[in-house]
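Notes to accompany the following structure.
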């Protein structure tokens with residue numbers, strides 16, 4: 001099956017230009033509040049999809065081990081420089097449409113500010129479900145097309161597309177807004193049950209962020225996030241979903257090579273062979289570059 005187009009952040013300084021110098025402290029703090037309310041208190045193995053430079057990774061402190069997945073090697077290199085090379089972190093270059101993991105491996109996963117780059121969101125969510133144990137928690141953030149600004153622009157005739165339809169809207173190349181009802185339907189089809197919804201970034205307005213401190217805005221935002229259970233009108237929505245099925249307690253392998261399956265033939269686990277992982281079934285090799293497992297080929 002062909003892989004849809006992928007948004008590649010290779011050689012991007014996204015962490016610095018967008019988050020650290022782009023006036024996004026309020027959004028970062030508001031997202032931290034949402035994660036604090038939605039994350040389980042502890043866990044064994046967390047899969048962070050679209051990890052980028054590791055902005056959110058320290059927030060998963062309750063998990064014993066975190067696997068950071070991103071398509072960009074340079075983003076993962078930045079994450080590695082930020083977090084270090086301890087056994088607690090596993091860095092993986094791959095795309096969400098073809099996850100290279102043993103099925104049913106993780107007891108937790110997050111996808112923050114990543115789904116909006118997905119041409120085929122249902123396919124991506126199905127891949128996430130295949131990597132999770134029954135009962136695992138999945139925290140998904142998505143860009144909401146049915147936000148207040150979009151509704152006002154549409155009603156005033158300044159926007160052609162309707163925020164009320166379920167079809168995604170591509171507002172820039174490989175950047176999509178989704179309707180909340182569509183996302184929840186996709187999650188159900190993939191094998192998830194939605195447990196909680198929080199609306200985030202109520203005050204994403206440039207003039208407001210210039211005149212009110214990020215801490216105050218985030219604090220008030222946190223007080224309003226619970227309203228996501230009633231309606232979703234903010235540009236960012238967080239959902240906590242649970243993988244359907246009877247939970248089975250199991251310990252993930254400590255050897256990193258045993259986390260992976262071969263994307264060529266599906267065999268698992270793989271074996272470490274020098275600077276690569278080797279498939280004993282089909283002899284396919286997947287390189288390891290500076291501590292980053294590369295499954296993009």
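The values are calculated or read from the model by the stated rules, or taken from the named source; none is laboratory data. The shown structure was predicted, so the numbers you read here are calculated from the model rather than taken from an experiment. Backbone-built Cβ (ideal geometry, glycine too); neighbour counts: all protein chains shown.
Of note:
Let's see how each residue does on (1) in contact with a helix residue (DSSP H, G or I) (Cβ under 8 Å, 6 or more places away or on another chain); (2) at pLDDT 95 or above; (3) not assigned by TED's automatic domain parsing to the domain that holds residue 183:
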| residue | (1), (2), (3) |
| --- | --- |
| 63 | no, yes, no |
| 85 | no, no, no |
| 89 | yes, yes, no |
| 98 | yes, yes, no |
| 110 | yes, yes, no |
| 118 | yes, yes, no |
| 123 | no, yes, no |
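- Tally of residues being in contact (Cβ under 8 Å) with a residue 24 or more places away in the chain and surrounded by fewer than 14 Cβ atoms within 10 Å (Cβ to Cβ) across the stretch 6-32: 3
- Given (1) over 30 Å from residue 227 (Cα atoms); (2) in a helix (DSSP H, G or I), number of the condition residue 87 does not satisfy: (2)
- Scanning the stretch 12-32 for residues that are in a helix (DSSP H, G or I) and in contact with a helix residue (DSSP H, G or I) (Cβ under 7 Å, 6 or more places away or on another chain) yields 15, 19, 25, 26, 28, 29, 30, 32.
- Residue 245 passes every criterion in (1) under 24 Å from residue 70 (Cβ atoms); (2) modelled with pLDDT under 95 apart from (1).
- Any chance residue 253 is at pLDDT below 95, out of contact with any strand residue (DSSP E or B) (no Cβ under 6 Å at 6 or more places or on another chain) and either at positive phi or surrounded by fewer than 21 Cβ atoms within 10 Å (Cβ to Cβ) (or both): yes
- Residue within the stretch 218-237 that is under 19 Å from residue 133 (Cβ atoms) and within 21 Å of the chain's Cα centre (by Cα) present: no
- Index of the failed condition, residue 259 passing every other in (1) outside the structural domain of residue 140 (by TED's automatic domain parsing); (2) surrounded by fewer than 17 Cβ atoms within 10 Å (Cβ to Cβ); (3) within 21 Å of the chain's Cα centre (by Cα): (2)
- Each residue in the stretch 33-53 was checked for being surrounded by fewer than 24 Cβ atoms within 10 Å (Cβ to Cβ), under 14 Å from the mean Cα position of the chain (by Cα) and in a loop (DSSP other than H, G, I, E, B), and 1 pass.
- Any chance residue 24 is more than 15 Å from the chain's Cα centre (by Cα) and within 18 Å of residue 143 (Cβ to Cβ): yes
- Checking each residue in the stretch 70-84 for being under 23 Å from residue 253 (Cβ atoms) and assigned to a helix (DSSP H, G or I) picks out 76, 79, 80, 83.
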